[in-house]
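Q: Below: one structure in structure tokens.
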Amino acid sequence: MTRERSVEKLIQKAEVLIEALPYIRAFAGKTVVVKYGGKAMVEPALKERFAEDIALMKFVGIRPVIVHGGGPQISEMMKRLGKEPTFVRGVRVTDSETIAIVEMVLGGIINPEIVELINRHGGRAVGLTGKDGPLLVAKPLRLPVRQAGSADKKIGVDLGLVGEVDAVDPGVLQGLEEARFIPVIAPIAGGIDGKTYNVNADSAAAAIASALRAEKLLLLTDVPGILDANGRLIPTLSKKEVQQLIRKGTVKSGMIPKVEACLAALDGGVAKAHIIDGRVPHALLLELFTDRGIGTEILI
């Protein structure tokens with residue numbers, strides 16, 4: 001490589017840093033909640049890049065809070081233990097045996113692994129579940145379905161120990177943030193009935209982001225973002241436009257819970273919500289610190 005080309009590459013690197021500077025300044029001291037899931041949690045190289053992104057965010061003054069999923073790992077463990085997973089409209093039916101497996105996988109395997117990975121890259125991560133603090137209080141989730149033979153009467157399907165967030169006490173997270181730790185949260189919650197509930201990670205992340213009045217909620221997925229009817233990425237949407245896409249059927253199936261989590265976060269006071277492709281190395285940095293970003297931004 002000639003000296004001129006070497007200098008040119010160094011200048012390009014400097015330009016990247018200059019592009020990031022206004023965003024670093026804008027987000028310094030702000031809380032960013034990241035829902036960590038999909039292939040970014042499975043592929044070794046992507047896991048490393050995620051940990052590097054989180055550590056760098058912390059070093060430049062951002063306050064990252066991580067909420068992680070683990071559905072495929074739970075299903076795999078259930079099968080290994082001779083228990084077949086059952087789903088209703090994409091929600092795992094969770095009996096007493098299943099919730100024990102959920103706690104073991106999320107709180108005992110995945111959560112410590114994420115903490116160790118971030119710490120190895122220079123972050124100061126601390127693992128907890130929604131039961132610590134208690135951070136999250138849940139109530140039973142009931143999916144409404146039409147009753148057979150009735151055009152308008154709906155009944156709630158009993159999903160067992162599946163919960164939805166009823167209350168958030170962010171005190172434990174605020175304490176960790178003030179002490180410059182990075183919270184890593186498994187979406188398991190206690191109920192006022194004393195039971196333990198399995199909570200959807202997207203919904204938990206939205207509730208936590210709202211309680212912390214986060215600057216951003218970032219959902220890592222295995223798709224580029226929200227796509228239009230022709231399969232093209234839509235970079236920016238308003239709440240009203242998102243709702244129109246749902247009604248038209250453009251946003252459907254597995255994307256609907258993620259979009260609903262984003263809308264709930266915006267309703268709860270979060271400034272912006274993003275759905276981004278976690279399969280892209282350094283997806284978080286590209287979304288936060290570049291002019292174009294890489295996913296779909298949803299605004300009020």
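The values are calculated or read from the model by the stated rules, or taken from the named source; none is laboratory data. In this text, all values refer to a predicted model and were calculated from it rather than measured experimentally. All Cβ positions, even for glycine, are placed from backbone atoms using ideal geometry, and neighbour counts span all protein chains on display. With ligands, DNA and RNA removed, areas are computed over all heavy atoms of the protein, side chains included. Shrake-Rupley method; radii C 1.70, N 1.55, O 1.52, S 1.80 Å.
Q: Would you mind getting the accessible area per residue of segment 120-258, heavy atoms of the protein chains only, 1.4 Å probe, in Å²?
A: Values: 6780 Å² over 139 residues.
Per residue, segment 120-258 has 49 Å² of solvent-accessible surface.
Q: In addition: Based on the alpha-carbon gyration tensor of segment 246-300 and its eigenvalue square roots a ≥ b ≥ c, which shape applies: rounded if a/c is under 1.5, prolate if not and a/b is larger than b/c, or oblate? Mind dumping the intermediate values first?
A: On the way: a/c = 2.26, a/b = 1.39, b/c = 1.63.
Oblate shape, in that a/c is at least 1.5 and b/c is the bigger or equal ratio.
Q: Could you compute the FRET efficiency for R247 and A271, with r as their C-beta to C-beta distance and R0 at 30 Å, rounded to 0.05? Working shown, then result.
A: Numbers: r = 25 Å, r/R0 = 0.84.
After rounding, the FRET efficiency stands at 0.75.
Q: If the chain between F181 and L81 were fully stretched, how many nm would it gain, using 0.36 nm times the residue separation less the Cα-Cα distance? Walk me through the intermediate numbers first.
A: Values: separation 100, 0.36 × 100 = 36.00 nm, distance 3.52 nm.
That pair, F181 and L81, stretches by 32.5 nm at full extension.
Q: Something else about it: May I ask you to rank M41, M104 by accessible area, largest first, using a 1.4 Å probe over the protein chains only? Walk me through the intermediate numbers first.
A: Numbers: M41 15, M104 80 Å².
Descending order: M104, M41.
Q: Of the peptides 73-84, 234-245, how do they stack up when ordered by the mean number of other Cβ atoms within 10 Å, highest first? Show your work: numbers first, answer last.
A: Numbers: 73-84: 13.7, 234-245: 15.8.
Ranked from most to least packed, the peptides come out as 234-245, 73-84.
Q: Less than 15 Å Cβ to Cβ from S96, Lys/Arg counted +1 and Asp/Glu -1: what total charge do the surrounding residues give? Each step should come with its number before you reach the end.
A: On the way: positive: K83, R92, K195; negative: D95, E97, E103, D158, D193.
The answer is -2.
Q: If each residue of separation counts as 0.36 nm, what is the full-extension length gain between A45 and Q12 once their alpha-carbon separation is subtracted? Before the final figure, lay out the partial values.
A: On the way: separation 33, 0.36 × 33 = 11.88 nm, distance 2.45 nm.
Contour length minus Cα-Cα distance gives 9.4 nm.
Q: Return the whole-Å distance between the Cα centroid of segment 215-273 and the Cα centroid of segment 1-54.
A: What the calculation gives is 24 Å, centre to centre.
Q: What net charge do the residues around K83 carry, taking every other residue with its C-beta under 15 Å from that of K83, with Lys and Arg at +1 and Asp and Glu at -1? Can you show the working numbers first?
A: Numbers: positive: K79, R80, R92; negative: E76, E84, D95, E97, E103.
Here the count lands on -2.
Q: Of K79/K131; K83/K240; K79/K139; K131/K272; K13/K252; K13/K47, which pairs sit farther than 31 Å apart, going by alpha carbon to alpha carbon? If you can, show how the numbers build up before the last one.
A: Numbers: K79/K131 26 Å; K83/K240 42 Å; K79/K139 27 Å; K131/K272 27 Å; K13/K252 40 Å; K13/K47 24 Å.
Exceeds cut-off: K83/K240; K13/K252.
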